[in-house]
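Reading through the structure tokens given below for one structure.
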Amino acid sequence: MTTAAPARPGAGSAPRTPARATARSRRGDTARGTALTVLTWAIGLVFVSPVLWLVLTAFKQEADAATSPPTLLFQPTLDRFQAVLDAGFLPYLGNSVIATLVSTALVLVLGVPAAYALSIRPVKRTQDALFFFISTKMLPVVAVVVPLYVAAAEIAMLDNVWTLVVLYTAMNLPIAVWMLRSFFLEVPKGVIEAAQMEGANLVRVLWSVMLPIMAPGVAATALICMIFSWNEFFFAVNLTAAQAATVPVFMVGFITSEGLFLAQLSAAATLASLPIVIVGWIAQRQLVRGLSMGAVK
Amino acid sequence: MTAAAPAARRRSPAAVERAEGWSRRAPLLPALAFMLVVTQLPFLFTVFYSVQSWNLLRPDSRSFVGLANYAAVFTDTQFLTAALNTILITASCVLVAMLLGIALAMLLDRRFLGRGVVRTLLITPFLVLPVATALLWKNIMFDPVFGLIGFLLTPFGLGDLDWVSQYPVVSVVTALVWQWTPFMMLLVLAGLQSQGRDVIEAGQVDGAGRWQMFVAITLPHLRRYIELGVLLGSIYVVNTFDTIYMMTQGGPGTASANLPFYIYQRTFLGFDIGQSAAMGVVVVVGTIIVATLALRLIFRTFMSAQEGNS
């Protein structure tokens with residue numbers, strides 16, 4: 001800017017005017033910035049208010065929960081949480097934890113090598129394989145649930161948490177391969193070649209060379225898999241009963257509660273969501289990063 | 001590579017290439033085999049069941065009926081209603097969630113006090129159990145007697161409107177939009193944060209207005225992120241089952257049933273295996289037609305962009 005200025009006629013007074021304009025716009029920017037900050041906070045609070053209200057209701061007695069107009073001041077109690085636990089919540093929780101953690105681990109065991117294979121020296125087949133993985137996500141689950149139900153009944157795997165593990169692995173594998181591949185593409189080619197030159201085999205290359213570099217990406221992928229497994233309802237409600245039912249199935253019991261057990265419903269919903277909400281909060285940075293790399297690579 | 005060359009020279013180059021190709025492909029095979037067995041094999045059975053008359057309530061009645069089930073699907077007006085509902089729910093949810101997501105991401109894409117806290121608040125609806133989300137909206141927000149929405153709308157004379165039974169599709173879409181907006185916001189935010197500051201500053205120096213800059217610079221940059229959000233969002237929202245099951249049970253009547261819920265009813269409440277299998281096949285064929293067009297298009301953008309990058 002400054003070097004170009006003398007070339008223009010009448011440039012002598014020019015630098016001062018933009019400077020003053022910048023100062024004015026900066027003051028305007030601060031006011032504008034404060035307004036935007038307040039607006040963003042307000043929108044954030046309104047957007048999350050149903051969750052806040054849900055958690056608040058969970059600490060109420062039933063009499064305080066079902067009032068018109070809604071009650072804001074009340075004597076908080078943990079009774080409703082206790083009632084949820086007494087209603088046999090923990091076995092559902094255990095099934096959810098098994099189905100979520102084991103299926104996520106399986107997704108990584110199958111998905112990391114596959115994504116690696118799809119990221120090194122991409123050939124024409126790569127695109128076909130990727131296309132196949134993503135296209136299986138296009139297959140509506142309703143189209144396969146009938147044979148799965150019949151098959152599970154045939155081999156006595158109905159109401160078995162391992163059936164859910166297998167299905168959740170298949171449900172999340174395509175998206176995991178898609179995301180993981182984009183992280184592998186980030187690893188410099190030289191690093192892999194150097195490791196291979198030293199005679200490292202596939203497992204060693206993956207485990208001690210690639211994974212440390214890709215840790216944030218693997219974390220983001222695992223998180224996405226955990227969210228979708230924990231929240232899955234269709235297979236859980238149709239293929240399980242008393243033994244293997246997961247947390248979402250526990251919530252079905254509240255379907256007909258016409259304002260009678262609002263506080264207990266809220267306590268159950270809070271407990272059922274809490275594990276994944278906490279994991280998601282902790283890992284949100286990785287999530288943003290992971291999703292963005294999946295988008296551009 | 002040079003160390004391996006003398007040993008390799010003994011075999012024909014084609015054989016080496018083939019062996020190398022297989023060792024490169026080997027890590028892919030377990031995942032590929034797993035997906036084939038768990039997703040493609042059951043679908044073949046679905047096709048097989050769809051040409052049979054088979055009701056679990058009448059176990060002895062199983063017989064080959066050809067395309068009769070398909071003829072029944074195409075003359076079933078409830079199936080048509082469910083198909084239209086699926087399109088309506090998916091399109092409106094993805095569209096509204098994406099617009100809201102872009103707006104929220106723009107608000108978050110600047111430094112301000114408590115930015116991390118607000119982002120944490122905004123992503124929470126995506127993390128809450130969808131089944132709980134559905135109950136939350138049905139019983140705590142939309143309830144005609146105790147609901148918060150009714151309480152807030154009382155001054156406007158809409159206090160005792162029974163949203164879920166009078167506007168079931170609107171209610172379902174509201175809960176879904178609330179759930180999916182954070183997902184779209186995260187994707188768009190990731191896109192915004194990958195945008196170079198210098199481009200924006202250059203635009204500011206050129207004196208471009210905020211809206212002009214958004215349309216001319218930011219939106220084209222976000223295109224791939226928006227496409228990915230629409231693609232992933234559609235895949236998941238098309239298969240929505242939990243929200244409808246918990247909020248409306250497809251009702252009143254079949255007013256808010258989408259295809260997953262309607263086929264579920266025919267399978268697990270009607271036990272009509274043949275009929276619901278035929279519906280499944282029709283849905284898959286329909287999805288493939290729509291998806292292939294969309295996916296090919298998006299893949300082409302991705303792959304060409306990738307080649308451009310490297």
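The values are calculated or read from the model by the stated rules, or taken from the named source; none is laboratory data. As the structure is a prediction and not an experimental result, all values here were calculated from the model. Cβ placement follows ideal geometry from the backbone for every residue including glycine, while neighbour counts extend to all protein chains displayed.
Listing for the model above:
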{"read-out": "Identity of the residue in the range A:115-129, more than 8 Å from chain B (Cβ to nearest Cβ) and in contact with a helix residue (DSSP H, G or I) (Cβ under 7 Å, 6 or more places away or on another chain), that ends up nearest to A:Ile224 (Cα to Cα)", "value": "A:Ala115"}
{"read-out": "Residues satisfying the stated conditions in the range B:116-139, i.e. more than 8 Å from chain A (Cβ to nearest Cβ) and either part of a loop (DSSP other than H, G, I, E, B) or touching a residue at least 12 places away in the same chain (Cβ under 8 Å) (or both)", "value": "B:Thr133, B:Ala134, B:Lys138"}
{"read-out": "Conditions (1) within 9 Å of another protein chain (Cβ to nearest Cβ); (2) more than 22 Å from A:Ala263 (Cα to Cα): number failed by B:Gly147", "value": "(2)"}
{"read-out": "Conditions (1) more than 10 Å from chain A (Cβ to nearest Cβ); (2) at pLDDT below 85: number failed by B:Thr292", "value": "(1)"}
{"read-out": "Residue count for the range B:98-115, restricted to those that are without any contact (Cβ under 8 Å) to a residue 12 or more places away in the chain, within 26 Å of the chain's Cα centre (by Cα) and more than 8 Å from every other protein chain (Cβ to nearest Cβ)", "value": "2"}
{"read-out": "Counted residues, the range A:209-234 - those being more than 10 Å from chain B (Cβ to nearest Cβ) and more than 12 Å from the chain's Cα centre (by Cα)", "value": "10"}
{"read-out": "Residue within the range B:140-155 that is assigned by TED's automatic domain parsing to the domain that holds B:Ile87, closer than 12 Å to B:Thr248 by Cβ and in a helix (DSSP H, G or I) present", "value": "no"}
{"read-out": "Criterion violated by B:Ser12 - all others in (1) touching a Pro at 6+ places or on another chain (Cβ under 6 Å); (2) of a type in the set (Ser, Thr, Tyr); (3) under 30 Å from A:Glu198 (Cβ atoms) satisfied", "value": "(1)"}
{"read-out": "Conditions (1) touching a residue at least 12 places away in the same chain (Cβ under 8 Å); (2) surrounded by fewer than 19 Cβ atoms within 10 Å (Cβ to Cβ); (3) more than 9 Å from chain B (Cβ to nearest Cβ); (4) within 21 Å of the chain's Cα centre (by Cα); number of the one not met by A:Leu271", "value": "(2)"}
{"read-out": "Criterion (assigned by TED's automatic domain parsing to the domain that holds B:Trp180 and in contact with a helix residue (DSSP H, G or I) (Cβ under 6 Å, 6 or more places away or on another chain)) met by exactly one of B:Ala105, B:Ala91, B:Ala31", "value": "B:Ala105"}
{"read-out": "Residue under evaluation A:Leu173, criteria (1) over 24 Å from A:Gly94 (Cα atoms); (2) facing another protein chain (nearest Cβ under 8 Å); (3) assigned to a helix (DSSP H, G or I), criterion not met", "value": "(1)"}
{"read-out": "Whichever residue in the range A:79-114 is away from chain B (no Cβ under 12 Å) and among the small types (Gly, Ala, Ser) and, among such residues, is surrounded by the fewest Cβ atoms within 10 Å (Cβ to Cβ)", "value": "A:Gly88"}
{"read-out": "Members of the range A:56-78 that are surrounded by fewer than 15 Cβ atoms within 10 Å (Cβ to Cβ) and outside any loop (DSSP other than H, G, I, E, B)", "value": "A:Ala63"}
{"read-out": "So B:Leu80, is it farther than 30 Å from B:Val170 by Cα, free of Cβ contacts under 8 Å to residues at least 12 places away in the same chain and among the aliphatic types (A, V, I, L, M)", "value": "no"}
{"read-out": "Test result for B:Asn85, closer than 30 Å to B:Met279 by Cβ, in contact with a helix residue (DSSP H, G or I) (Cβ under 9 Å, 6 or more places away or on another chain) and in the same structural domain as B:Val170 (by TED's automatic domain parsing)", "value": "yes"}
{"read-out": "Odd one out for B:Ala8 among (1) surrounded by 12 or more Cβ atoms within 10 Å (Cβ to Cβ); (2) at pLDDT 90 or above", "value": "(2)"}
{"read-out": "Conditions (1) buried (at least 24 other Cβ atoms within 10 Å of the Cβ); (2) modelled with pLDDT of 90 or more; number of the one not met by A:Leu262", "value": "(2)"}
{"read-out": "Residue that is farthest from B:Trp178 (Cα to Cα), among those in the range B:116-161 that are of a type in the set (D, E, K, R) and either buried (at least 20 other Cβ atoms within 10 Å of the Cβ) or within 28 Å of the chain's Cα centre (by Cα) (or both)", "value": "B:Asp143"}
{"read-out": "Number of the exception - A:Pro140 against (1) under 21 Å from B:Met35 (Cβ atoms); (2) at the interface with chain B (Cβ under 10 Å from one of its Cβ atoms); (3) assigned to a helix (DSSP H, G or I); (4) over 18 Å from the mean Cα position of the chain (by Cα)", "value": "(3)"}
{"read-out": "Failed condition for A:Glu193, given (1) within 12 Å of another protein chain (Cβ to nearest Cβ); (2) buried (at least 17 other Cβ atoms within 10 Å of the Cβ)", "value": "(2)"}
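Conditions (1) in contact with a Pro (Cβ under 8 Å, 6 or more places away or on another chain); (2) under 28 Å from A:Asn231 (Cα atoms), marked per residue:
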| position | (1), (2) |
| --- | --- |
| B:Val128 | no, yes |
| B:Val131 | yes, yes |
| B:Ala134 | no, yes |
| B:Phe142 | no, yes |
| B:Gly150 | yes, no |
| B:Gly159 | no, no |
| B:Val164 | no, yes |
